[in-house]
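Beneath this line is the structure, given in structure tokens, with notes to follow.
The values are calculated or read from the model by the stated rules, or taken from the named source; none is laboratory data. Because the structure is predicted, anything quoted here is derived from the model rather than measured. When we count neighbours, we look across all protein chains shown, and the Cβ atoms used for this are built from the backbone with ideal geometry, even at glycine. The protein model used for the area step is the full one, side chains on, heavy atoms only, and it has no ligands, DNA or RNA in it. Shrake-Rupley method; radii C 1.70, N 1.55, O 1.52, S 1.80 Å.
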Amino acid sequence: MQTWSKNSWRSLPAVQLPEYPDTEALAASEGRLASAPGLVSESEITRLREELAAVAEGKAFLLQGGDCAESFAEFSEENLRAMVRVFLQMAVTLTFSGRMPVVKVGRVAGQFAKPRSSNMETVEGESLPSYRGDIVNGSAFHEGERVPDPDRMQQSYHQSAATLNLLRSLSRDGFSSLSQVREWNSENLKQTKLGERYGEMAERIDESLAFIEACGLPVDEMSDLGGTSLYTSHEALLLPYEEALTRVSAAGAFNLSAHLLWVGERTRQLDHAHIEFVRGLENPIGVKVGPTMEVQELKDLVNLINPDRIPGKLVLISRMGADKVREVLPDLLAATAEFGSAVIWCCDPMHGNTVGTKQGFKTRDFDRVLDEVKGYFEVHEAAGSFPGGVHLEMTGQDVTECTGGIYNLHEDDLYRRYHTHCDPRLNASQALELAFLVGEMLKPWKDGRKKG
Ligand code: PEP
Ligand code: CO
């Protein structure tokens, strides 16, 4: 194996990378990012790794979620606040039902690059490069938009910085403090059964806090949902951007574009560029694990990314589809048993359950999503391993992209508010409903092993 450096990926085959026609402009854009301040810090990355070590030991649960793709057009304080609000609601629901701390990692502040099934898109006889996310090109179908433009990396960096700025100020202003638990319930949601259920839980939390305070214990310090804000993550897909934001210090190589980076299902070949790039980083690394993953391949992957078996370093994100998870996952869990806490498992019940409707929308049905999570928990129970976490595509907005849920959204309703730039997301109520259901599943797992 070659010696790792932040550009050693360049000598290996790479899939899903755009071809920039203007290589000088690309180099200039990379140069600007290479001297720009990091978006996150080494110490935050290290702290996330420590929090994930608790997940690896079955003492905490990972909630990872957000947009499939962030976009320049949908960037607004309102959207971000809505997302943070529902994410905190989900986290507190999981903490309350599951009786465990929740490590919160958003697909946010950098989730711009998308893998595509085809390099070109053809419409009415005209072929143009596929849209690869706002960090690469524009989604409108005309030539000027689709040419990969390296300056888009700058806009993505600055949008990520502004996003992080809001996330940090929300956390500093006490918005993520447990005393705000009622405030996260939006006006829309409050009117619904789910909102009511959430309100009842919030009341119980308030009572518990008052009780703890009355006992003379420091509620303020402990009430920030574990004392942490939201961590950030995105797919490490556009390697020129990722390399440019990687800094090497005495403590190792840190990618300062996000706290956690993951490698997608389509770029996880062991001898290719993406795995080569992430294997040298100190950041926690996720890797998507779909149904074609082989047992030996998975063991080799763990050895490559986490040779020192550091707990909290590697998250395997299972994305099998509801109809395959019970069949495929058991052998893979058996394969990782020998690695113990060097591996965290997490369930992405979204990407294996995408279907097309006859009206031409991509959607996911809530029941299929839920069934994959159930299957995933069942398989872990049988294997005696800890289910670790969930990875969701969701938004705080009231969109109509996934069918089902307690309001039983139908295929014919999807056109109403179908806003996603990529895959269909759970809307705020579907996301909270799922959190309640996963919380129930998690309850018997307190202290890592399911009891009875
Ligand atoms: C994603 O997470 O948006 C994605 C593309 O997932 P996967 O790599 O699992 O298909
Ligand atoms: Co997606």
Inside segment 32-65, the number of residues satisfying the requirement of being in a helix (DSSP H, G or I) and either of a type outside the set (K, R) or within 16 Å of ligand 1 (Cβ to nearest atom) (or both) is 16
Would you be able to tell me the number of residues in segment 123-137 that are touching a strand residue (DSSP E or B) at 6+ places or on another chain (Cβ under 9 Å) and either over 20 Å from S160 (Cα atoms) or among the aromatic types (F, W, Y) (or both)?
5
When segment 66-90 is checked residue by residue, the ones that are over 21 Å from M350 (Cα atoms) and either part of a loop (DSSP other than H, G, I, E, B) or within 16 Å of ligand 2 (Cβ to nearest atom) (or both) are F72, A73, E74, F75, S76
In segment 19-27, is there at least one residue being of a type in the set (A, V, I, L, M, F, W, C), over 19 Å from the mean Cα position of the chain (by Cα) and assigned to a loop (DSSP other than H, G, I, E, B)?
no
Set S208, S176, S257: member being in contact (Cβ under 8 Å) with a residue 60 or more places away in the chain, hydroxyl-bearing (S, T, Y) and either closer than 20 Å to M100 by Cβ or open to solvent by 40 Å² or more (accessible area, probe 1.4 Å) (or both)
S176
Here are some residues: T400, T420. Which one is within 16 Å of ligand 1 (Cβ to nearest atom), within 27 Å of R116 (Cβ to Cβ) and surrounded by fewer than 24 Cβ atoms within 10 Å (Cβ to Cβ)?
T420
Subset of segment 337-370, residues more than 16 Å from ligand 2 (Cβ to nearest atom) and within 17 Å of G65 (Cα to Cα), comes to I344, W345, F366, L370
So L270 ticks every box in (1) under 16 Å from the mean Cα position of the chain (by Cα); (2) closer than 22 Å to V343 by Cβ but one. Which box is left unticked?
(1)
S41 vs. criteria at pLDDT 95 or above, more than 30 Å from N427 (Cβ to Cβ) and touching a helix residue (DSSP H, G or I) at 6+ places or on another chain (Cβ under 9 Å)
no
Checking A431 against (1) open to solvent by less than 30 Å² (accessible area, probe 1.4 Å); (2) within 19 Å of the chain's Cα centre (by Cα); (3) more than 16 Å from ligand 2 (Cβ to nearest atom), the condition it does not meet
(3)
Qualifying positions in segment 273-323 - open to solvent by 20 Å² or more (accessible area, probe 1.4 Å) and either assigned to a helix (DSSP H, G or I) or within 14 Å of ligand 1 (Cβ to nearest atom) (or both)
R279, P291, T292, V295, Q296, E297, K299, D300, N303, L304, R319
Run down G138, G144 and say which single residue is among the small types (G, A, S), open to solvent by less than 60 Å² (accessible area, probe 1.4 Å) and either at positive phi or modelled with pLDDT of 90 or more (or both).
G138
Just for segment 89-135: of the residues that are charged (D, E, K, R) and buried (at least 19 other Cβ atoms within 10 Å of the Cβ), which one is farthest from L209 (Cα to Cα)?
R132
Filtering segment 347-367 down to residues that are among the polar types (S, T, N, Q) and within 12 Å of ligand 1 (Cβ to nearest atom), which residue is surrounded by the fewest Cβ atoms within 10 Å (Cβ to Cβ)?
T354
